[in-house]
Amino acid sequence: MSPTVVSASWLPAAIATAEGGEGGFKTPGVADFWWPVIPFDGTGPWAVTRPALVLLLSVGLLAWFYVGATRKLTVVPSKNQFLVEGSYNFVRNTIGRDIIGSKDFLQFVPLLLTLFTLILVNNLFGIFPFIQFPTMSRVGIPIVLTLIVYITYHAVAIRRKHGVLPYFKSLIPPGLPGWLKPILFVLEFLTYFVIRPLTLALRLFGNMLAGHLMLLVFIVGGEYLLLEGDNLFLKFSGALSFGFSIAMTFFELLIEFLQAFIFTLLAALYISDAVSEHH
Amino acid sequence: MYGSIAYLGYGLAAIGPGIGVGLIFAAYINGVARQPEARGMLQTIAFTGMAITEALAILGLVFAFVFQGTNPN
Amino acid sequence: MITASVVAAADGEPHGFPSGFPLLPQPAEMVIGLIAFGILYWLYKTKVVPRLEELYAERAAAIEGGMQQAEQAQAEAKAALEQYTAQLAEARAEANSIRESAREQGASIVAEMRAQAQAEASRITESAKRQVEAERQQAVVQLRQEVGSLSTTLASKIVGESLEDEVRQKGIVDRFLAELEAGEVTPQKVAPAGQDA
């Protein structure tokens, strides 16, 4: 297995190792999302990676855009303000107010807005030319976001129910026969403390990873077929695969919006569960 | 050629949640079509149900990653 | 970097950080993610959201103010309309009353004129009557004098005696006239006495 660094430098290294010899094409996998830029210790855990830089870039962009656009607000909005207000309106009213309830949604709006804009921009970077890296396809970043949501909704719930024990008690729906209570408590406990954070993080991660992986497969596979194909049929298939990857890019765009929306929506939903008096 | 049968398992595990999510949104669309004013409430319920149903598929994905097997070569 | 990872792959070593377990998060990414989230959250919480909420409140106030203004304008318009209607009704009533009074006045003028004309007419008639009466009276008096003198002349001629004596003459004539008026003396009796009857 002699490695030859090939073609477009933006492609992850492992994908680019298209060899002419035995075996040849290597299918892209999870490992292709490992992309250390500043390796402090080789391939170690403290290397600054490309998704981390993309994340910082997105934060810079968002801060510049949102803070800049809200510097001088007018009652009749300008073009930038219209965009800011549109996204803010969506998060504030459609996600925040309609789900958490108009009584105490306002304190969670910054959290929801941060989640929504950060995830949306980072998802869009997945198909943005020259950046082309969905940050959320690195599992660490969705885990961090989920952790924040997780801590938030448990803290809110414990404060609302006045203590940890009342909170655990409120997990069991009232009016159940005694023998059912332990079973239901275990189920509810698992839902609240394991399933919810796990699915919240992994849904985003899985969707972004799978979507980008699919694009990679079509693009890299198409390229390989086009360049290395022995006959006309394989070359034609490669071109077709390339074309299909463009269609899939638009599908990805939809998924990216949807995932940002679902993540924020579910975060609001979990918070609303914690805020509500009864379970 | 080698691979992990775990991904095959994940594919199988995704069938159920796929049908489930489909049913949930079918019911949601039905409900909204019948009573457009109940959209907000139904949306919350639909997404809660979807989150629970999809959890199964995501657990499948986790297990597919966890039990990867080793390269026989 | 790329070559490094490729070399790592070539060496048969685990490729990249998520080698054994793909779902293991990389600590550096988590830390950077946390920092990134913190920065953005802080900016949103202290700058973006308060500003936007302020704008929302301002806009709501503006809309409310606009609505109030519209309500006020509507009320004003309503008041103006009422005033106008009232004025119109007043004007109509006034016109009615003016017309009524004019009619009354006209009627009274006509009546007055008629009365005046009647009075004038009656007065004229009266005065004419009176004049006629007076003239008749005068004529009667004159006639009586003339008849008296004529008859005395005639009588004196016939009798030859002067009836110049005033008192007698008057008594005779008066007696005659009284008889005449009484119808005691018929014209037939006189006629033979007169020369040219």
Mean Cβ-within-10 Å packing, highest first, puts peptides A:224-232, C:69-77, C:23-31, A:196-204 in the order A:196-204, C:23-31, A:224-232, C:69-77
In whole percent, the Cα-Cα distances of region C:34-108 spread across 10 Å bins from 0 upward as 15, 17, 15, 13, 11, 9, 7, 6, 4, 2, 0
Three-way shape label, region A:223-279, alpha-carbon gyration tensor, a/c 1.5
prolate
Amide H proximity to A:Val48 below 5 Å, modelled H, separation 5+ or other chain, gives A:Val37, A:Ile38, A:Phe40
Inter-chain Cβ neighbour average for residues A:111-124, partner chain, 10 Å
3
Determine the shielding of peptide A:99-108 by partner chains: average, over its residues, the number of Cβ atoms on other chains within 10 angstrom of each Cβ.
1
Kirkwood-based Rg over Rh for chain A (C-alpha set), two decimals?
1.07
When the C-alpha atoms of region A:112-172 are aligned to their principal axes, what extent does each axis show, in angstrom, from largest down?
52, 21, 16
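Averaged over peptide A:198-211, how many Cβ atoms belonging to another chain are found within 10 Å of each residue's Cβ?
Neighbouring Cβ atoms belonging to other protein chains average 4 per residue here.
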A chain fully extended from C:Asp174 to C:Glu71 at 0.36 nm per residue, minus the present Cα-Cα distance, gains in nm 26.0 nm
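What relative contact order, as a whole-number percentage, does region B:14-73 give when Cα pairs under 8 Å and 6 or more residues apart are counted?
Reported relative contact order: 44 percent.
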Expressed to two decimals, region B:20-66 has a Cα Rg over Rh, using the Kirkwood radius, of 1.16
Which peptide among C:52-60, A:59-67 comes first, and what is the full order, when sorted by highest mean count of other Cβ atoms within 10 Å?
A:59-67, C:52-60
Would you please put B:7-17, A:266-276 in order of how densely packed they are, using the mean number of other Cβ atoms within 10 angstrom per residue and starting with the highest?
A:266-276, B:7-17
When the dipole is taken about the Cα centre of chain A, and only Lys, Arg (+1) and Asp, Glu (-1) are charged at their Cβ, what size is it in debye, to the nearest 20?
1220
Which of A:Lys103/A:Lys181; A:Lys169/C:Lys45; A:Lys181/C:Lys45; A:Lys103/C:Lys47; C:Lys129/C:Lys157 have a Cα-Cα distance over 30 Å?
A:Lys103/A:Lys181; A:Lys169/C:Lys45; A:Lys181/C:Lys45; C:Lys129/C:Lys157
How would region C:26-180 be classified by its alpha-carbon gyration tensor: rounded, prolate or oblate, with rounded meaning a/c under 1.5 and the a/b versus b/c comparison settling the rest?
prolate
For region C:124-141, just list the computed ³J(HN,Hα) in residue order, Karplus coefficients 6.51, -1.76 and 1.60, θ = phi - 60°, integers in Hz, with x standing in for Gly and Pro.
4, 4, 4, 5, 4, 4, 4, 5, 4, 4, 4, 5, 4, 4, 4, 4, 4, 4
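Since every read-out is calculated from the coordinates, none of them should be taken as a lab result. Quantities reported herein were computed from a predicted structural model and do not represent experimental measurements. No Cβ is skipped: glycine too gets one built from the backbone with ideal geometry, and neighbour counts run over all protein chains shown.
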